[in-house]
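This is the structure I have questions about; it appears just below.
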Amino acid sequence: MRNFNIALLAIFVGAIVLASHALGQQAYNWLPVAATTEADLVGHLFSFLVTLGTIVFLGVMGMLLYSILFYRATKNDPSDAPAIRGNLKLEITWTVIPILLVIWIASYSYNIYQRMSILGSLPLVHLHIMEAPAYAEMGSSDMQPAEQIEVVVKQWSWSFRYPSQNVTSTELHLPVNQRVHLMLQSKDVVHGFYVPNFRIKQDIIPNQTIPLRFTPNRIGKYQLHDSQFSGTYFALMTADVYVDSPETYNQWLAEAATRPPVPAVNLAKSEHSQPPKTPLRSKWHTVSPAQPPVVNK
Amino acid sequence: MTNIFIKSASEPEPTNWKRYFSFSTDHKVIGVQYLVTAFIFFLFGGLFAMIVRAELLTPQLDVVDRSLYNGLFTMHGTIMIFLWIFPANVGLANYLIPLMIGAKETAFPVLNAIAFWLIPVVGILLLFSFFLPSGTAQAGWWSYPPVSIQNPSGHLINGEFLWLLAVTISGISSIMGGVNLVTTIFRMRSPGMTFLRMPVYVWTTFSAQLLQLFCLPALTGAAIMLLFDLSFGTDFFSPFKQGDPVIYQHLFWFYSHPAVYVMALPAFGVFSEVIPAFARKPLFGYKTVAISSLLISVISTLVWVHHMFASATPNWMRILFMATSMLVAVPTGIKVFAWTATIWRGKLHFQTPMLFALGGVAMFLFAGISGVMLASVPFDIHVNNTYFIVGHFHYVVFNTVTMALYAGIYFWFPKITGRMYSEGWGKLHFWLTFIGANLNFFPMHPLGLQGMVRRISSYDPQYTGWNVVASLGAFLLGMSTLPFIANIVSSWLRGRKALNNPWNATGLEWTTSSPPPIENFEEIPIVTSEPYGYGESHRLAADSSSI
Ligand code: HEM
Ligand SMILES: [Cu+2]
Ligand SMILES: [Cu+2]
């Protein structure tokens, strides 16, 4: 009987581990297409977190459901169950195992964050508890210094300035496979820089310049969204981001430099002057949108 | 012994219902006043959430204008936290704590009554702001400067002004309530009720209210400074004039992370009372569960920066707070495992309180796991300020805490009113709530992973599918409160008379009549053993005959 129970438990644990592993592999698909080396790293981390999390979830849920199904009181049975008050060994086990698990998760996360080094490098701590499979993927091209791009936000517009060509744009163009170096600045309130495909996010604090580094590795068009609530037209504060091949990138810059600067089209501004006719309207005072940036393109 | 619901002739008060509208100093009246008031505000908060979800049914802006949307989610969050969960928890604690520790009253009855009467003031201030020309506060419940102090109307009395006033008053009320509850638990326990014989609900309330005392002053101070910045031209937080908006964020989260545990700890307490009673088994590992409450409190004062991983925080800070945040999982995990072990080999009965408790535990498990994921800096950076966060914290504040409040209300309803609720309506309420809550809040996780930012009034069409599911879930959730209200109102008026101890449970509150007399006990009970003596010969652990 005892052996039978142990075998059952082993099957239960085995099934959970397999299912969790499968779900962990699926997890990559729940995120938007990865377009930076950082995004690849976060993908591995997320898959790892989903795997571990699913093991814990299914394990505990399994116990709960088993009890709910098999330990129902029979009808009109007023008696109590056995008075089991605890079990020291068990309680120590379920204290120590979570401690080990969170140490594992924290060191894995540290490892990933260190390799992303989006805010500059961290003290190198080598923790060999778990080598992430993505370790080898960091190309040497990451180390190449790239152009610094100034990102300027205000209520409610984005503008991107390329100082060496003196180009300003409402589109963010980035060369593929080069370390990008953004200088984030806000002219009024706190905003946030967030491209879901890049998996990076950084609040932009007014009157500070915050450097942000990452490496786009997939050519395509993506969406930038303001990620820190910035007032009335917050929802409209998006911009297009293009990751270009080096040729396209240089071509774009050269072409943009030839265009005369004009005030950009701005969604907040047009909605402010002509609000949509919604059934519920408040007529509350709102901050007027700042002058849209003057851009070449 | 059985039916002591005789309108006692000894009571000086005229009729039963009138005292609920008076300045009563009876902790039981105050408890009910808190619960009913909080529930009314819960309906307002829920209504605002329904409008928000109606707007999010489609990608375009087509129900409310942008300012109104921002006002609605700000008021929704504020009301749900400061006028639903906090006062509902304090109400339940007010009712139960003296009964559970064998006391006649709380330590400071007048202070207690004042604390309660501040709550309607807070509510009126917030709801009134809808009628100002400047509108309500619209900067989210965090109210981060500078956006919160832009004041486009230029009026002195504006929505943000009333909001800050309301939050400050709510803070003062909470501190008063906290002083009362902490002192009561510390000083008024009956003979033999040592700390390690207190029910877990008492432990969790104690831990939660200690947090209020220790951390709330940071928020109240920040609110006052922000009010000065907004209205009187100071520059504590204005970035362009030597102020620092990030300091506000630290002060805010120094309180508002622990606030999550102020909300959640009493829910853990409710689970720890309800589950043993319906599993007919002692709470597994009582001492570790009790002490881990206090551990949760201590650790939770040291984790606040996990809300600021994407703010202007340096690397060392992000890493340090990642480590402390993950540690909270340990004492919290202990509790979940203990509840699981309690029902293991129990004799389970599935009345409504048990359904809500088990549903709450299951969904809390999910919330706890997504919480540990969020403590991981690189992952959080991706989902910070997205719907993943909104999903995660609603699994805590609704699917765990609100479920626990429902469990508690059903469990102690016979004690409070002297009548039984209707089991059928209760079960219907549970299933509608459980299904609605998951439909509403689960889809927010995939939406956040896909990158949908929170607090947006219109969104990219790629996110439509899950948003429709969430909105339908929300409307179902709105409907689910109807059977609850019908049940409570009709049972209170006409329900079957309740026994003193209808659940055959072990706490001291079940040794007195239903409802209890003015001073709670005929004789102060003497406690002789640990709580949760299910399956033991001397189950009630109290001895009032030996006095
Ligand atoms: C009745 C069911 C509920 C529904 C349908 C609901 C729905 C929502 C939605 C859709 C949002 C996001 C709004 C946005 O970011 O644009 C939100 C935010 C929020 N909800 Fe709820 N919620 C419910 C219950 C609760 C409860 C019980 C609490 C308790 C504390 C709560 C607290 C909050 C908070 C604090 C926010 C954040 C507000 C902000 O961003 O400033 N909600 N809710
Ligand atoms: Cu927190
Ligand atoms: Cu959390």
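Identify, please: which residue in the stretch B:347-362 is open to solvent by 10 Å² or more (accessible area, probe 1.4 Å) and touching a residue at least 12 places away in the same chain (Cβ under 8 Å) and is, among those, nearest to ligand 2 (Cβ to nearest atom)?
Taking the stretch B:347-362 first, the residues open to solvent by 10 Å² or more (accessible area, probe 1.4 Å) are B:347, B:349-351, B:355, B:358, B:362.
Retained after the next criterion (residues that are touching a residue at least 12 places away in the same chain (Cβ under 8 Å)): B:347, B:349-351, B:355, B:358.
Numbers: B:K347: 38, B:H349: 36, B:F350: 33, B:Q351: 34, B:L355: 29, B:L358: 26 Å.
Ranking the candidates gives B:L358 first.
Hey, B:L210 hits all of (1) more than 14 Å from chain A (Cβ to nearest Cβ); (2) more than 16 Å from ligand 1 (Cβ to nearest atom); (3) open to solvent by less than 30 Å² (accessible area, probe 1.4 Å) but one; which does it fall short on?
Checking B:L210 against (1) more than 14 Å from chain A (Cβ to nearest Cβ); (2) more than 16 Å from ligand 1 (Cβ to nearest atom); (3) open to solvent by less than 30 Å² (accessible area, probe 1.4 Å), the one that fails is (3).
Further question: Take the conditions in contact (Cβ under 8 Å) with a residue 12 or more places away in the chain and assigned to a helix (DSSP H, G or I) and apply them to B:L156. Does it pass?
It is false that B:L156 is in contact (Cβ under 8 Å) with a residue 12 or more places away in the chain and assigned to a helix (DSSP H, G or I).
So, one more: Does the stretch B:103-151 hold any residues that are within 16 Å of ligand 1 (Cβ to nearest atom) and not in a helix (DSSP H, G or I), and which are they?
Matches in the stretch B:103-151: B:G135, B:T136, B:A137, B:Q138, B:A139, B:G140, B:W141, B:W142, B:S143, B:Y144, B:P145.
Additional query: State yes or no: is B:G465 open to solvent by less than 10 Å² (accessible area, probe 1.4 Å), within 14 Å of another protein chain (Cβ to nearest Cβ) and away from ligand 1 (no atom under 12 Å from the Cβ)? Give the derivation first.
Working: open to solvent by less than 10 Å² (accessible area, probe 1.4 Å): no; within 14 Å of another protein chain (Cβ to nearest Cβ): yes; away from ligand 1 (no atom under 12 Å from the Cβ): yes.
The answer is no for B:G465.
Same structure, new question: For the stretch B:424-442: of the residues being open to solvent by 40 Å² or more (accessible area, probe 1.4 Å) and away from every other protein chain (no Cβ under 14 Å), which is farthest from ligand 1 (Cβ to nearest atom)?
B:G424
Moving on. Count, please, the residues in the stretch B:250-291 that happen to be assigned to a helix (DSSP H, G or I) and away from ligand 3 (no atom under 16 Å from the Cβ).
20
Restricted to the stretch B:387-413, and to residues that are within 16 Å of ligand 2 (Cβ to nearest atom) and of a type in the set (V, I, T), which residue is nearest to B:L56 (Cα to Cα)?
Ranking the qualifying residues of the stretch B:387-413, first place goes to B:V390.
Could I ask something else about it? Among residues belonging to the stretch B:281-294 that are open to solvent by 10 Å² or more (accessible area, probe 1.4 Å) and over 19 Å from the mean Cα position of the chain (by Cα), point out the one that is nearest to ligand 2 (Cβ to nearest atom).
Ranking the candidates gives B:I291 first.
Which members of the stretch B:245-277 meet the condition of being within 9 Å of another protein chain (Cβ to nearest Cβ) and surrounded by fewer than 24 Cβ atoms within 10 Å (Cβ to Cβ)?
Once the filter is applied, which keeps residues that are within 9 Å of another protein chain (Cβ to nearest Cβ) and surrounded by fewer than 24 Cβ atoms within 10 Å (Cβ to Cβ), the stretch B:245-277 yields only B:V246.
Being without any contact (Cβ under 8 Å) to a residue 24 or more places away in the chain and open to solvent by less than 20 Å² (accessible area, probe 1.4 Å) narrows it down to one residue among A:A22, A:A81, A:A10; which is it?
None of the others qualify; the one that does is A:A81.
For B:M326, state whether it is out of contact with any Lys or Arg (no Cβ under 7 Å at 6 or more places or on another chain), facing chain A (nearest Cβ under 9 Å), farther than 17 Å from A:L69 by Cβ and buried (at least 22 other Cβ atoms within 10 Å of the Cβ). It would help to see each step written out before you state the result.
Details: out of contact with any Lys or Arg (no Cβ under 7 Å at 6 or more places or on another chain): yes; facing chain A (nearest Cβ under 9 Å): yes; farther than 17 Å from A:L69 by Cβ: yes; buried (at least 22 other Cβ atoms within 10 Å of the Cβ): yes.
When the stated conditions are applied, B:M326 passes them.
Output the residue which, of all residues in the stretch B:312-322 that are away from ligand 3 (no atom under 16 Å from the Cβ) and within 7 Å of chain A (Cβ to nearest Cβ), is farthest from A:I205 (Cα to Cα).
B:I319
What about B:L294, is it in contact (Cβ under 8 Å) with a residue 24 or more places away in the chain, of a type in the set (A, V, I, L, M), assigned to a helix (DSSP H, G or I) and away from ligand 1 (no atom under 16 Å from the Cβ)?
yes
Quick one: A:H44 ticks every box in (1) within 26 Å of B:H445 (Cα to Cα); (2) of a type outside the set (A, V, I, L, M, F, W, C); (3) part of a loop (DSSP other than H, G, I, E, B) except a single one, so which number is it?
A:H44 satisfies every listed condition except (3).
Restricting attention to the stretch B:365-381, which residues are part of a helix (DSSP H, G or I) and facing another protein chain (nearest Cβ under 7 Å)?
Passing the criteria: B:L365, B:F366, B:I369, B:V372, B:M373, B:V377, B:P378, B:F379, B:I381.
A further question follows. Please return the ranges of strands (runs of 3 or more DSSP E) entirely within the stretch A:142-199 where 1 or more residues are surrounded by fewer than 19 Cβ atoms within 10 Å (Cβ to Cβ). Talk me through it step by step, then tell me what you get.
Details: elements: A:148-154, A:157-162, A:167-169, A:172-175, A:180-186, A:191-195.
Correct list: A:148-154, A:180-186.
Turning to a different aspect of this structure: Is it the case, given these coordinates, that B:F350 is closer than 22 Å to B:Y255 by Cα, touching a Lys or Arg at 6+ places or on another chain (Cβ under 8 Å) and away from ligand 1 (no atom under 16 Å from the Cβ)?
When the stated conditions are applied, B:F350 does not pass them.
The values are calculated or read from the model by the stated rules, or taken from the named source; none is laboratory data. This structure is a prediction, so every number in the text was calculated from the model and none was measured. Virtual Cβ from ideal backbone geometry, glycine too; neighbours counted across all protein chains shown. The area values use the complete protein model at the heavy-atom level, side chains included, leaving out ligands, DNA and RNA. Shrake-Rupley method; radii C 1.70, N 1.55, O 1.52, S 1.80 Å.
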